[in-house]
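Step one of this worksheet: look at the structure below.
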Amino acid sequence: MTIKKIVIVGGGAVGWSVAALLRAQFPRELVVIQLIEDSRKDALSVECASSRIHSFHDLIGLQEKICMLDPYTHFGLGVMYEGWSYDSQKYMLAGGYYGASLDGVDFQNIYIKNYLSGEKNDLDDFSLNAVAAKLGRFGHPSSDSQSIYSAIKYGLHFQLDSYADILKSHALALGIDVIIADCTAVSRDNNSGNITSLELDSQHSVMADLYIDCTGEASVLLGDACGVKCASDDMDILCDRVAIGYRLQSSLLPSIAVLTSTADGFFKVIPLKDRDVIVYYFSSDLIRENDIETMLATWGFTHVTIANYRSYRREKFWVNNCLAIGHSGARYCDLLVSPLQSVRDSIVRFLDLFIDFDNVDASRDEFNRLSHIELDNINEVIELHMYASQHHSAVSCRYFSSHSLSSSSAHRLNLFVSNGRHTHCDLSLLTDIEWAAFFIGNKIIPKSYSYDVDFLDGERVRDFLSKLKAVIFESAQKIPKHADYIKSLLK
Amino acid sequence: MNQHSIKKIVIVGGGTAGWMTAAALAKKFLPINMDIVLVESEAIGTVGVGESTIPHIRGFNEYLGIDESFFIAETKATFKLGIAFKHWGQLGNDYIHPFGPLGHDINGVEFHHYWLRMQQEGSKYPLDNYSMAAMAARAGKFQHPSTDSMSLLSNYNYAFHFDAALYAKYLRRYAEAINVKRIEGIVAATNLNSDNGFIESIRLDSGITLGGDLFIDCTGFKGILIDKVLNAKFEDWSHWLRCDKAIAVPCALSEEKLTPYTQATAQQAGWQWRIPLQHRTGNGHVYASDYLSDDEAAAILLKNLDGEPLAEPKFFTFKAGQRKQNWEKNCVAIGLSGGFLEPLESTSIYLIQVGIQKLLDFFPDKNFAKANSAEFNRQLDEEYVRIRDFIIMHYKENAREDSPFWMDCKNMSVPDALAQRQKLFKSTGYVDHQQYGVYAAVCIGQGLIPDVYDFKINAFSHHKIAAYLEKIHGNINAAVASMPFAQDYINRILANTNQGKPL
Ligand SMILES: Cc1cc2nc3c(=O)[nH]c(=O)nc-3n(C[C@H](O)[C@H](O)[C@H](O)COP(=O)(O)OP(=O)(O)OC[C@H]3O[C@@H](n4cnc5c(N)ncnc54)[C@H](O)[C@@H]3O)c2cc1C
């Protein structure tokens, strides 16, 4: 058995995530893994990671405590959506369950019947996550599935440079070799198309069996060297700039990120331990950069940087012996679906499909196929959010003057509107109840509900809902205050 | 109930599909007194086959609240641990598609990779050796799986062989007891609304007209209702699945002990089933009439019975494929009226169940939203295609050169997604767990051996893996030895069952 070698080009949270996972999963006696850390900066600055991050951290063996000791990392209980389809709109997409079923009848349908009968309850009130977050509470979920506190689902908010450092020390401890250098040239074999070596500015050259491109938008290996083109602009949200800034906070903010749609774009404000960070996507022909800066300044955000933004995806993400992870393969607006989650999913997918260094053709095809499905799903989430805001946001309105709702999004919408039902797809991003929360939050209410709700007595249902709401509220009040919890956790 | 709720359901057909649907709907709508009518014709009769199932059937019985021992007594059922495929892939091959896993994964690498490495390094043990279900099946053993998930004796699943006519009869009693109204008669006409093409009513030969909100077509191959609303749109899959005929004949039980599995033996232009019940053995020969005459097919079948034939052979003609939409307007096709896939993996009754489950998931109101039936159709089609591809794979992956039928199957081109999946398995041993069945067991059984195993297991020595495999096999052997014979187990259940117990 000859020892194989993998070279990862590009550090940052992406490169170090790849490095940590591969080093944790590939036996050291069989594979050498090197990471070439270049001087490029990450395009992203914060991540609002959903609860799916935990299984990745388990795979790489990274303890949450290490992340929480970082001066920025914050717990996240959900995202509040504001002003998408109307000005005063506020609703949450919280992780975890909503409500509870009654006699086997699904909660969503109970809620909808009640809503249609005129009792317009706030769906958030049935999510322990949402209620706790609004009360500024936080606690870890209970492992006892009988306890109401097992319903909590939380994610983590990171300052990305800092998170990259955490991943880096972890990967180094796992045994990753690191070379600090920029890649200056890539040699390829003309016949096979395989990359044969990389030239570094340190005068070294490195050779590997597999090259992983984590160089971000520059796409040094996949795009530049292998010539894989961007396939389509279907992820285009018609924003061409992104502004990022932060404001320091003297006390701990609630664990809620806020995502707002405006006339000229969208922005998200993500709380970290000592600050909150704003990421604002806008269209430069609707609002000038200066005006954005002034606006952010009036909101208290400083250190504002503005960069160009475009969405794209390449035709393939893995060709020959070159695999792209992250922006080197695709970029989409990071407001709704965390690009780093998609990075984590990609590496896990790679790991799952990668069986042997010398037999990769079929794995590669499957990897590319699945990656496109995943991006289609991301697209659907983005598209439906823009759809909801089309009468409210100039950008969304413009989008729908040149695009129509894709058939899969239209089907999802119609299915929900007609009977409150959901379609399922491979690699689905949102659960049924999350889709329901999205639609209902945008006042897209089904005309009808599932028949089995009619098996329940109306009086009983009303009673059930009001009790449920009360129990959730009381339970949320018993959760520790977020600041106290963090303090005791880090002691 | 509201003004848009469906209030009357008409089911046409009283075969396995019709009575399963009637029983499940009646159970579901018990709280609201739904008006459910089932029309069937004794003169037409049912297809009368369909006796081997997969484990999902148990969920169906559970949903209805049917006691298992009672069910076994009523339908003369026996236990099934898998399907034994003989001469598939190659003459002389013999493998089991088990109801249960192969070995177990370690370090995130699936078991068959360890097995593959041992094969490459000279081992000759068949994959079956590492499956509880397969080993118990071969030994003629059965007991209910243990509920202790740490025990090897929990590591398999089971289904039944049963008498289809008795099952339908039983479900009829069940459904009639909870208010399904049965009407004897032949549907002579289907009346459509002239504006929207919805079914308004059906007229029976007796002159009775039956109206309804929702019509369920369980009329078997005829599909008389769905045919009307859909205008006969059928997707033909017979270029992949060439068998278009079957002969079935029951025979007396063999002297040997009961075998807790379905036997599927490949013949020169098709295959033969053997399904042991308590009182007889069901046999049938599924074949391609382009390659084999009816007389030849009958001769092959009769030559390969374990005992005296108990009836005249019965012939069936079919075509593999599916109606374009199994739900169109206010008509839903469930059972053979919706499509046909040969019984190689015993999946037809399962597809009936999927149809019923999805009908309940997407149960309409009188608005009959297009998106709703579209989603039902999409999900059902997905299930049909998943099983279709799995069955095609049994034909495609073969190295037999003894008959034109098998050579043509080997050389056929298959659906793209299947081709890609097979290529992936062949080159890497990768299994997509969304796929039907114990995929690796069947691929490898058919002779599709992956070129490589997962490189990560090279971190272990040959010796270590060999010892690991031997330990699994030894443990399975010991567990199987502790199990009773399936025959004795059934006898014990029957002795303790109070037959004729009320529902
Ligand atoms: C050879 C063969 C072997 C099989 N083996 C298996 C197996 O091992 N496992 C498995 O799961 N499945 C198997 N199947 C499939 C299984 O038999 C069927 O899925 C199952 O029996 C359901 O049939 P059905 O109820 O749809 O149709 P049928 O049994 O044909 O019932 C049709 C019903 O409609 C009625 N009807 C028809 N026309 C009219 C009319 N005009 N008016 C009134 N009533 C009418 C009939 O009287 C009858 O009651 C097999 C099928 C075949 C052909």
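The values are calculated or read from the model by the stated rules, or taken from the named source; none is laboratory data. Note that this is a predicted model, so its numbers are computed, not measured. Cβ: placed from backbone, ideal geometry, glycine included. Neighbour counts: every protein chain shown. Each accessible area value is taken on the protein alone, full model and side chains, heavy atoms only, with ligands, DNA and RNA left out. Shrake-Rupley method; radii C 1.70, N 1.55, O 1.52, S 1.80 Å.
Tally time: how many residues in the stretch B:334-368 are open to solvent by 20 Å² or more (accessible area, probe 1.4 Å), of a type outside the set (D, E, K, R) and assigned to a loop (DSSP other than H, G, I, E, B)? Summing the residues that are open to solvent by 20 Å² or more (accessible area, probe 1.4 Å), of a type outside the set (D, E, K, R) and assigned to a loop (DSSP other than H, G, I, E, B) in the stretch B:334-368 gives 3.
Rundown of residues vs (1) among the small types (Gly, Ala, Ser); (2) within 16 Å of the chain's Cα centre (by Cα), yes/no style:
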site	(1), (2)
A:Val337	no, yes
A:Arg344	no, yes
A:Leu351	no, no
A:Asn359	no, no
A:Ser363	yes, no
A:Ile378	no, yes
A:Glu383	no, yes
A:Met386	no, no
A:Ser389	yes, no
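With respect to the conditions (1) surrounded by fewer than 22 Cβ atoms within 10 Å (Cβ to Cβ); (2) assigned by TED's automatic domain parsing to the domain that holds B:Ser346, B:Lys410 lacks only one, and its number is (2). Which condition breaks for B:Thr46 when tested against (1) open to solvent by less than 60 Å² (accessible area, probe 1.4 Å); (2) of a type in the set (S, T, N, Q); (3) within 16 Å of the ligand (Cβ to nearest atom)? With (1) open to solvent by less than 60 Å² (accessible area, probe 1.4 Å); (2) of a type in the set (S, T, N, Q); (3) within 16 Å of the ligand (Cβ to nearest atom) applied to B:Thr46, the lone miss is (1). Taken over the stretch A:411-439, the criterion of being out of contact with any His (no Cβ under 6 Å at 6 or more places or on another chain), within 22 Å of A:Gly83 (Cα to Cα) and within 14 Å of chain B (Cβ to nearest Cβ) is satisfied by A:Leu413, A:Phe416, A:Val417, A:Phe439. Only one entry of A:Glu37, A:Glu29, A:Glu47 meets the criterion of being among the acidic types (Asp, Glu), in contact with an Asp or Glu (Cβ under 9 Å, 6 or more places away or on another chain) and not assigned by TED's automatic domain parsing to the domain that holds A:Gly245, and that entry is A:Glu47. In contact with a Pro (Cβ under 9 Å, 6 or more places away or on another chain) and either within 11 Å of the ligand (Cβ to nearest atom) or modelled with pLDDT under 95 (or both): does that describe B:Ala159? The answer is yes for B:Ala159.
Of the residues examined, B:Ala248 is not one that is on the phi < 0 side of the Ramachandran plot and outside any strand (DSSP E or B).
Among the residues of the stretch A:12-32, those that are within 19 Å of the chain's Cα centre (by Cα) and β-branched (Val, Ile, Thr) comprise A:Val14, A:Val18.
For the stretch B:284-296, filtered to residues that are open to solvent by 10 Å² or more (accessible area, probe 1.4 Å) and among the hydroxyl-bearing types (Ser, Thr, Tyr), the residue that is nearest to the ligand (Cβ to nearest atom) is B:Ser289. When B:Ala177 is tested against (1) away from the ligand (no atom under 16 Å from the Cβ); (2) surrounded by 15 or more Cβ atoms within 10 Å (Cβ to Cβ); (3) under 28 Å from the mean Cα position of the chain (by Cα); (4) of a type outside the set (Asp, Glu), just one condition goes unmet, and that condition is (2).
Conditions tested, residue by residue: (1) within 14 Å of chain A (Cβ to nearest Cβ); (2) without any contact (Cβ under 8 Å) to a residue 24 or more places away in the chain.
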site	(1), (2)
B:Ala440	yes, no
B:His463	no, yes
B:Pro484	no, no
B:Asn491	no, yes
B:Thr497	no, no
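Which one is least open to solvent (accessible area, probe 1.4 Å), of the residues in the stretch A:1-32 that are more than 11 Å from every other protein chain (Cβ to nearest Cβ) and of a type in the set (D, E, K, R)? This residue is A:Arg23. Does any residue of the stretch B:466-478 turn out to be out of contact with any Lys or Arg (no Cβ under 7 Å at 6 or more places or on another chain), surrounded by 20 or more Cβ atoms within 10 Å (Cβ to Cβ) and among the basic types (Lys, Arg)? No, the stretch B:466-478 contains no residue that is out of contact with any Lys or Arg (no Cβ under 7 Å at 6 or more places or on another chain), surrounded by 20 or more Cβ atoms within 10 Å (Cβ to Cβ) and among the basic types (Lys, Arg).
Here is the figure for the stretch B:1-31: residues that are open to solvent by 10 Å² or more (accessible area, probe 1.4 Å) and either within 11 Å of another protein chain (Cβ to nearest Cβ) or over 17 Å from B:Tyr170 (Cα atoms) (or both) total 10. Could you say whether any residue in the stretch B:373-395 is aliphatic (A, V, I, L, M), away from chain A (no Cβ under 13 Å), under 30 Å from B:Phe142 (Cα atoms) and open to solvent by 10 Å² or more (accessible area, probe 1.4 Å)? Looking through the stretch B:373-395, none of the residues is aliphatic (A, V, I, L, M), away from chain A (no Cβ under 13 Å), under 30 Å from B:Phe142 (Cα atoms) and open to solvent by 10 Å² or more (accessible area, probe 1.4 Å). Screening the stretch A:33-46 for residues that are over 23 Å from the mean Cα position of the chain (by Cα) and open to solvent by 10 Å² or more (accessible area, probe 1.4 Å) and picking the one that is nearest to the other protein chains (Cβ to nearest Cβ) gives A:Gln34. Among residues of the stretch B:412-432 that are within 9 Å of another protein chain (Cβ to nearest Cβ), those with a beta-carbon under 9 Å from a residue that is polar (S, T, N, Q) at least six positions away or on a different chain give the pairs B:Arg421/B:Gln435; B:Leu424/A:Ser363; B:Ser427/A:Asn359; B:Ser427/A:Ser363; B:Thr428/A:Asn359; B:Thr428/A:Ser363; B:Tyr430/A:Ser363.
Looking across B:Leu351, B:Leu359, B:Leu344, B:Leu310, one residue alone is within 13 Å of chain A (Cβ to nearest Cβ), in contact (Cβ under 8 Å) with a residue 24 or more places away in the chain and in contact with a strand residue (DSSP E or B) (Cβ under 9 Å, 6 or more places away or on another chain). It is B:Leu359. Just one residue in the set B:Asp389, B:Asp361 is modelled with pLDDT of 95 or more, closer than 20 Å to A:Tyr451 by Cβ and of a type in the set (Asp, Glu); that residue is B:Asp361. For B:Ala299, the conditions (1) within 12 Å of the ligand (Cβ to nearest atom); (2) in a helix (DSSP H, G or I); (3) open to solvent by 50 Å² or more (accessible area, probe 1.4 Å) are fulfilled apart from (1). In the stretch B:1-94, counting only helices (runs of 4 or more DSSP H) that sit wholly within it, the ones holding 1 or more residues that are within 15 Å of the chain's Cα centre (by Cα) and aromatic (Phe, Trp, Tyr) span B:56-64. Listed here are the strands (runs of 3 or more DSSP E) enclosed by the stretch A:202-279 that have at least 2 residues being open to solvent by 40 Å² or more (accessible area, probe 1.4 Å) and in contact (Cβ under 8 Å) with a residue 12 or more places away in the chain: A:230-232, A:241-248.
The condition of being near the ligand (Cβ under 9 Å from one of its atoms) and either under 30 Å from B:Lys303 (Cα atoms) or among the β-branched types (Val, Ile, Thr) (or both) holds for only one of B:Thr209, B:Thr281, B:Thr219, B:Thr190, that being B:Thr219. Across the stretch B:261-276, the number of residues qualifying as touching an Asp or Glu at 6+ places or on another chain (Cβ under 8 Å), touching a residue at least 40 places away in the same chain (Cβ under 8 Å) and within 12 Å of the ligand (Cβ to nearest atom) comes to 1.
Picking from B:Gly338, B:Gly321, which residue would you name as being away from every other protein chain (no Cβ under 14 Å), under 22 Å from B:Phe376 (Cβ atoms), in contact with a strand residue (DSSP E or B) (Cβ under 7 Å, 6 or more places away or on another chain) and within 9 Å of the ligand (Cβ to nearest atom)? The match here is B:Gly338.
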